[in-house]
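This report concerns only the one structure given below.
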Amino acid sequence: MKTFTLNVNGQPRKAEVEEDTPLLWILRDHLDLVGTKFGCGMSLCGACTVHVDGEAVRSCVMPVSAVGDKKVVTIEGLANDGKLTAVQKAWCDLDVAQCGYCQAGQIMSATALLREKPKPTDEDIDLAMSGNLCRCATYCRIRQAIHTAAATQ
Amino acid sequence: MKTTLPSMDRRGFFRISALAGGGFMLGAWNAVAAEEAATFSPSAFIRITPEGLVTILSKNPEVGQGIKTSLPMIIAEELEVPWEKVTVEQAPVNEKDFGRQVAGGSMSTPTNYDKHRKLGAVARTMLVQAAANEWSVSPGECEAIAGEVVHKTSGKRLSYGALASAAAKLPVPDEKTVTLKKVEDFKLLGKRIGGVDNPKIVTGQPLFGIDQKHPGMKYAAYVRCPVFTGKVKEANLDEIRKLPGIADAFVLEGSEDHYGLLPGIAIIANDTWSAFKAKNALKVTWDADERESFAAHSSKAAEVLKGKAANEIRKSGNPELPDDGKTVEGTYHYPHLSHANLEPQNCTAVFKDGALEMWAPTQNPGSGIDGIAKALKLSKDKITVHMTRIGGGFGRRLMGDFMVECAAIAQKLEGTPVKVTWTRDQDLAHDYYRPGGWHRFRGRLDDSGKIDTWADHFVTFGLNNEDRPGNGADLGGDEFPSRFVPNLLLEKTVFASNTPLGYWRAPGSCALAWAIQGFVDEMAHVAKKDPLAFRLELLGDDREVPPSGGRGQPYNATRMKGVLKLVAEKSGWGEKLEAGRGRGIAFHFSHLGYVAVVADVSVSKAGKLKVNKLSAAADVGPIMNLSGAENQVQGSMIDGLSAAWFQEILVEKGAVQQSNFHEYPLITIKDAPPVEVHFAKSDYPPTGLGEPALPPVAPAICNAIFAATGKRIRTLPLAKQDLSWS
């Protein structure tokens, strides 16, 4: 066991865990940030996507020892003072979610994509979002919501 | 698209206080109000506080089908309250107050629509009566409008909050005596309304079963034998208990009952990762029967299909299938499927003082409670289950196995809450699978090119049983085209299998429609008729065909022809397309819904498939929530495509061979086509939409591939078929 201090959503957060513990389980079990979801444990579904230094990362395969002092942002850290981001708002306005389980990961990937490409094409969306599975298959609305967010942000 | 909390209606509050207090001085009013002010709750479903807070409870599990929004909408419509003023709460499990609480069979809407309208109308009627009493006028002179009651002639008005305490004192009228709104006066139903949990979903708030957390909670893994129903002989539990973060490890004996407590090893840890790591370090000797093999079933099926079927399902007319070159034949095969919910199975519980409290992502709390009561020998009144939001059901969570094992673990940890979480490989390995099957079809056309004879030898599976097909593995005698062809022979052979079978989105239909609508297409081709025209002719005259033998559902040919024509018109059916591109059409009636689908695909010469577009027309009666309804149809159609294209569960040596999404792929956004949804205008009673749009997708896709390439696909998944053409 080792104590790690992580920068999560702008706050220093401590966790006493084994070094190989994936960031996902630190967030969920130790820091009470359960918005980041477990789906596959092998970086195959994208439900666990968070931002590490601004990049979309699968937290289920990133050991805590690799996080260091990098800035971690989770779905809970996107909205500023309760104000939803353009992506979160588009997700609500277009009523994207069905079960909703994958959507935190979808939103984190979409947010990273829009930071990189403010006006993404359908091909850009295919490329950036193909690692995020939606078992309810809300893909039509995910695509639409990314375009809507791009137009409003 | 948000849930707002109404501010306190102070005027209403004092109005009630003044009435109750009569001539009290101002200073005394509040004390009187505290005594007299009462929440108006004419049923367990509705609460209106004197402050004007309107809460509507949603009785059924929310599994992504949108029921937590659409059922309360029905009450809100009749209650005549603006949706923005409504707070929705998940109901507790209590079938006395709420009736059957299940998410399955697309039945929530058809079985609750009338009842929910009446619930809303009863409350509205009482609020109107309370206002009429207050004004000493007849209720007929008053009208409920947008959360207020208005006296039509004087224009006086009182808010529901102001009327709550007085309405609470009135007797609740018989629901049969209240007047429902006219459908044409609906303000809310049929509109696009966002899901009530959307704001929490997009900000990552704890909603799901896997998000549950309680003080002092332990995290557990539960390891079952990879071979179905295998038992623990011995395991290195002493080593496991010494691993970092591990509190305990123990064996649960369980039984061979696929629906009860299955044998395994519980590992109790301080966090999920420690439990998962210890699971990987586990060395177990299992006592397991490894004979189950899908490959062996396949070989046997190939033999059996050449001969006679074991049982007749239905014979009508005079089905003769001479070997004269005019009998059309085709054998279809589809594989087992897993539900692959993105939220792996999980459950949280605490057992204390002989009682169990549980937080479960269950589609069917009643079955879980039954299973727990039986396995733990616990009286049902000692079991409390809270329904959490569910990260995908598709039928998997109708089964209570994950609740039973969590309860058994919690019982061992007396007083300590515990959350059991499965890994993905466990989730794929311990499902209740959509049964695979085979159909050997034979058919004959009459001189005019209509189907004269239809025969189907269905080979399916029973759970260690050669007489009774397993869950979701049967073929009913009324299955289309039964009742629509003059001569029919449906037969089956059941293979005994130890693979647990279950209800997978549109059970039965999800597989049958693919095979049947594929062979209908083959018959159309032999008849040299347009696939749409051939189907319309097969459905015949406008009429409702009654079920045979008095059970089952009537089949309304008029409605099915209606959706076929609608989707054909909207999708540009009949247009000339370039080589390598084709359109296919299919229809299916299930879950009381009539759905027809056109698929537009391109196939490269090398055999690469691209689905350009899917179009659907559905007749499911009036739509409750247009946003949710469209989302369900689009999602279930892409789900149908995903399964047909990529998915297959294979069992060898008694165990499932697929371990994660690289071996059991779900469709991704790049392969998901645009989906156009058209709802037929319909005055029939409203029916559910979680399932009926899925079955016609796979056959429409395969029929489109035939149109594009001339290749008839008779085996799924598509990813394993050679689609190349020249």
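Tell me, which residue of the stretch B:184-199 that is surrounded by 17 or more Cβ atoms within 10 Å (Cβ to Cβ) and within 11 Å of another protein chain (Cβ to nearest Cβ) is nearest to B:Ala144 (Cα to Cα)? My answer is B:Ile193.
Residue by residue through the stretch A:116-143, note down the ones that are assigned to a helix (DSSP H, G or I) and either surrounded by 15 or more Cβ atoms within 10 Å (Cβ to Cβ) or away from every other protein chain (no Cβ under 11 Å) (or both).
Residues satisfying the conditions are A:Glu116, A:Asp124, A:Ile125, A:Asp126, A:Leu127, A:Ala128, A:Met129, A:Tyr139, A:Cys140, A:Arg141, A:Ile142, A:Arg143.
Please enumerate the residues belonging to the stretch B:38-84 that are away from chain A (no Cβ under 14 Å), touching a residue at least 60 places away in the same chain (Cβ under 8 Å) and part of a loop (DSSP other than H, G, I, E, B). Within the stretch B:38-84, B:Ala38, B:Thr39, B:Phe45, B:Thr49, B:Pro50, B:Glu51, B:Gly52, B:Leu53, B:Glu80, B:Val81, B:Pro82 qualify. Of the candidates B:Ala132, B:Ala123, the single residue that is over 25 Å from the mean Cα position of the chain (by Cα) and crowded, with 20+ Cβ neighbours inside 10 Å is B:Ala123.
Restricting attention to the stretch A:21-34, and to residues there that are assigned to a loop (DSSP other than H, G, I, E, B) and within 8 Å of chain B (Cβ to nearest Cβ), which single residue is surrounded by the fewest Cβ atoms within 10 Å (Cβ to Cβ)? In this case the residue turns out to be A:Asp32. Within the stretch B:270-319, the set of residues being polar (S, T, N, Q) and farther than 29 Å from B:Gln426 by Cα comprises B:Asn311, B:Ser316, B:Asn318. Would you check if B:Ser548 is in contact (Cβ under 8 Å) with a residue 40 or more places away in the chain, under 30 Å from B:Leu463 (Cβ atoms) and crowded, with 24+ Cβ neighbours inside 10 Å? Considered against the rule, which asks whether it is in contact (Cβ under 8 Å) with a residue 40 or more places away in the chain, under 30 Å from B:Leu463 (Cβ atoms) and crowded, with 24+ Cβ neighbours inside 10 Å, B:Ser548 comes out as no.
For the stretch B:508-529, the count of residues that are in a loop (DSSP other than H, G, I, E, B) and closer than 22 Å to B:Tyr334 by Cα is nonzero. Scan (1) within 13 Å of chain A (Cβ to nearest Cβ); (2) assigned to a loop (DSSP other than H, G, I, E, B); (3) within 27 Å of A:Cys99 (Cβ to Cβ); (4) not polar (S, T, N, Q) for the single condition B:His258 breaks and write down its number. Here B:His258 meets the rest and fails (1).
Do any strands (runs of 3 or more DSSP E) lying entirely in the stretch B:402-475 carry at least 3 residues that are in contact with a Ser or Thr (Cβ under 9 Å, 6 or more places away or on another chain) and either on the phi > 0 side of the Ramachandran plot or of a type in the set (Val, Ile, Thr) (or both), and which ones are they?
Numbers: elements: B:418-421, B:437-445, B:451-463.
Strands (runs of 3 or more DSSP E) meeting the threshold: B:418-421, B:451-463.
Scan the stretch B:637-675 for residues that are part of a helix (DSSP H, G or I) and either hydrophobic (A, V, I, L, M, F, W, C) or at the interface with another protein chain (Cβ under 7 Å from one of its Cβ atoms) (or both) and report the count.
From the stretch B:637-675, those part of a helix (DSSP H, G or I) are B:637-646; that's our starting set.
Still in the running and either hydrophobic (A, V, I, L, M, F, W, C) or at the interface with another protein chain (Cβ under 7 Å from one of its Cβ atoms) (or both): B:637-639, B:641-646.
Within the stretch B:637-675, residues that are part of a helix (DSSP H, G or I) and either hydrophobic (A, V, I, L, M, F, W, C) or at the interface with another protein chain (Cβ under 7 Å from one of its Cβ atoms) (or both) number 9.
Here A:Ala110 passes the criteria (1) more than 18 Å from B:Asn198 (Cβ to Cβ); (2) among the aliphatic types (A, V, I, L, M); (3) buried (at least 24 other Cβ atoms within 10 Å of the Cβ) except the one numbered (1).
Out of the stretch A:45-89, which residues are at positive phi, within 15 Å of the chain's Cα centre (by Cα) and within 11 Å of chain B (Cβ to nearest Cβ)? Please lay out each step first, then the result.
Restricting attention to the stretch A:45-89, the residues satisfying the condition of being at positive phi are A:46, A:53-54, A:68, A:81-82.
When the remaining residues are screened for being within 15 Å of the chain's Cα centre (by Cα), the result is A:46, A:53-54.
A:Gly46, the sole residue that qualifies.
No lab work stands behind these numbers, since they all come straight from the coordinates. Not measured: the values here are computed from a predicted model. Here Cβ is always computed from backbone atoms with ideal geometry, including for glycine, and neighbour counts include all displayed protein chains.
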